[in-house]
1. So for each of 109-117, 132-140 I average, over its residues, the number of other beta carbons within 10 Å; can you give me the resulting order with the highest mean first?
2. With every protein chain present, what is the per residue accessible area of segment 90-146 (1.4 Å probe, Å²)?
3. With θ taken as phi - 60° and the coefficients 6.51, -1.76 and 1.60, list the Karplus ³J(HN,Hα) couplings across segment 202-215 in order, rounded to whole Hz; mark glycine and proline as x.
4. Show me, for segment 105-117, the HN-Hα J-couplings you get by feeding each phi into the Karplus relation (A = 6.51, B = -1.76, C = 1.60, θ = phi - 60°), rounded to Hz, glycine and proline as x.
5. Can you list residues whose amide H is under 5 Å from Phe85's amide H, if they're 5+ apart or on another chain and H is modeled 1.01 Å from N?
6. Quick one: ranking Asp98, Asp56, Asp118 by accessible area, 1.4 Å probe, largest first, what do you get?
7. Leaving ligands and nucleic acids out of the surface, order Glu166, Glu92 by accessible area at 1.4 Å, largest first.
8. So, with a 1.4 angstrom probe, what is the percent of accessible area on segment 74-228 that is carbon and sulfur?
Amino acid sequence: MLLPVPTLAGVVATYFVSGATHYLIGLIAGVAIFLFTRKAYQAREAQKRLEQIEHDLPQAINVFARAISAGVPIERAILSVKNAFDGPLGQEFERMHDALLLGVPFQQALNDSAKRVDSGNFQYFTAILSLNAETGGPLVEVLTNLSVGLREKQKLDKKVLVLTAEPRMAARVVTGIPIALLGMQFVKQPEQLEFLINHPTGQQVALYALVSISAGLLIIRRLTKVGQ
């Protein structure tokens, strides 16, 4: 699938590297940039899906626990969560429920779901259900405590985001300044940018600046990332 952002990045890299070196090297660099940005793009989409699951999980556990406390069988409780959520978490519970309908053993369905969702919190949830199916115990109480713990963790993560908001915003501002200046220069006096666009040395400078800015943003993102 040709995603728009990776495709654009590949074309730009091909253009600049071809002008600075050789068209074959530029083509290879463009393909490499395309593959790298496509992987990053897909990873970002997967991360957004995971963040949505993490956000909805405490409430989903409450829905599940209320269904269990009302005497609903576990399979029906899973269906209740599926009906209550339309996002990726609801889709995952739907897949779990469909697997049970097809005759997949309960613990196997839980294990498969935990493998699909790369979330430690979700894996805690499936591990509790799996352990309870083997040994029994106060499932509702355990699930309620898990839900409370996850909500507290979300509050802590929000505090970390607030504390790291300034460096993240500073990174965006510092990155945006040269881009804005180049944009203004291109509108008012485009002839002054011919060196960066048409001259091999200028293209090398532009490529170096692009790589440096991207690397700096990635480093800052790593340093200020809130762990899942």
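1. Order by mean packing, descending: 109-117, 132-140.
2. Value for segment 90-146: 53 Å² per residue.
3. Couplings: x, 5, 5, 4, 5, 5, 4, 5, 5, 5, 5, 5, 5, 5 Hz.
4. Listing the rounded values in order: x, 4, 5, 5, 4, 5, 5, 5, 5, 5, 6, 6, 9 Hz.
5. none
6. Sorted by accessible area, descending: Asp118, Asp98, Asp56.
7. Correct descending sequence by accessible area is Glu166, Glu92.
8. Details: 6260 of 10030 Å².
So the carbon and sulfur contribution to the accessible surface is 62 percent.
The values are calculated or read from the model by the stated rules, or taken from the named source; none is laboratory data. Please read all numbers here as calculations on a predicted model, not as lab measurements. Using ideal geometry, Cβ is built from the backbone for each residue, glycine included, and neighbour counts are taken over all protein chains shown. For accessibility, only protein heavy atoms count, side chains too; no ligands or nucleic acids. Shrake-Rupley method; radii C 1.70, N 1.55, O 1.52, S 1.80 Å.
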